[in-house]
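What follows is one structure encoded as structure tokens, with my remarks underneath.
The values are calculated or read from the model by the stated rules, or taken from the named source; none is laboratory data. Just so it is clear, the structure is predicted and the values come from calculations on it, not from any experiment. We place every Cβ from the backbone using ideal geometry, glycine too, and count neighbours over all the protein chains shown. Calculation scope for accessible area: heavy atoms of the full protein, side chains included, ligands and nucleic acids excluded. Shrake-Rupley method; radii C 1.70, N 1.55, O 1.52, S 1.80 Å.
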Amino acid sequence: MKKHSNKLLSFWKLLGPGLVTGASDDDPSGIATYSQAGAAYGLSTLWTSIVAFPLMAAIQQMCARIGLVTGHGLTGTLKKHYPRPILYLMLLFSFPAIVMNIGADIAGMGAVGNLLFPAIDATYFSVVFTIILLGLIIYLPYLKIASVLKYLCIVMLVYFIVPFLYEQDLMKIFKATFIPTLKFNKEFIAILVGILGTTISPYLFFWQASVEVEEMQHKKKHLMVNKKIIHDMKEDVDFGMTFSGFVMYFIILTTGTVLFNGGIHQIDTVEQAAMALKPLVGNLAYLLFAIGVIGTGFIAIPVLSGCLSYIFTETFGWKEGLDKKFHEAKAFYVIIAISLIFGLSLNYVGISPIKALIYTAILYGLTAPVLIAIILHISNNKKIMGKNVNGRTSNVLGFTALIIMTVAAAILVYLQLSG
């Protein structure tokens, strides 16, 4: 028994950036998109979690390897080895979606906070959550932040419980999981692009590479990348992406059975996704769903704002890093603060949180192909990666992700223009 517990403890210690990246992938934006997909189309999109997992894991492994080998994040690597227009193109594609994602996540957390405590207005919750997040990010050292984020991932286990509070048709679930359903209309393709965009999210590419560099610096391993380090990274990333895939699967399963079968096919606000479960399944499911939204927001927003700060500080050569104190990397933390305040201000421009969340996911779906193409090029560039270039499996999965994301985005654009 002690031997098994020691093994589990060792494995838990091994987990880090990959687990946090995977958990942050199921942020309120992802929850909203998966919930809308389940409510609108039942179990028709359940198969996407099976398709997305290997593609997501392959891309994140490439990003992690780039960080480990080069000692730079994606932005720093592009700046060093590629023409400036490519770097600026990447910034142009990434910045709007990430800021909108932060704002939408803050709004979603505020709305759900108001659900739990109706006497307090949602905007007050949004402001309080923003202040708490800012304080934690600025005052806690990196190792503490990494530890807090890692333990917050446990909150996401609530999504594995909710579907079992409702009677399920196992044969129907099995078919929907392994037999893809496609509907060639604007709404379904938009949801499909949104699911792919929020699952294979561009902000995660930047975060994974940058935070691997930070982890290496803490472990004093940044001078020597060996097979053991690469193997540990793969285990961490694979576990994180598997965890993320399961959460995605169970959210679609929950909303695709409970809400869809209950006649609720349209979700206009984040709180509706939680509220809709209350009369159909009971208080426990509703409460778990609401807590999950807040927990995932606390995981995702530091990742989103940190990612944006890494992008800008690497671009302009400013000091960076969550391990540095405020006075050591002022620009890094100021950018985080600005991104949170700017995100919070989006709550006052009249866009409903659920629409902002789904627009964010679609925007990611449209921009991801460009970034995946850049990552594939870096990962296969021997001048940068040396002997750690992509293997055949990584390339097959990477190019499959590129093709799927490009085709889905092209179909969506075509349907929008022709409709």
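Annotations for the structure displayed:
- F326-V349 FRET efficiency (beta carbon distance; Förster radius 45 Å; 0.05 resolution): 0.95
- Across the protein chains, with a 1.4 Å probe defining accessible surface, the residues Y166, Y139, Y203, Y348 rank Y139, Y348, Y166, Y203 from largest area downward.
- Taken over the Cα atoms of segment 273-403, the convex hull encloses 195 Å³ per residue.
- Pairs exceeding 29 Å between alpha-carbon atoms, taken from K80/K324; K80/K387; K80/K325; K172/K234; K234/K383: K172/K234.
- Ordered by 1.4 Å accessible area with all protein chains kept, H327, H377, H72 run largest first as H327, H377, H72.
- Length gained when the stretch L89-L415 is fully extended (0.36 nm per residue, less Cα-Cα span): 114.8 nm
- Inter-label distance for L165 and T242, nm, one decimal - labels placed 7 Å from Cα along Cα-to-Cβ: 2.7 nm
- By accessible area with a 1.4 Å probe, ligands and nucleic acids excluded, highest first: order of R84, R65: R84, R65
- Contour excess over end-to-end distance, with Cα ends at E235 and I132 and 0.36 nm allotted per residue: 33.9 nm
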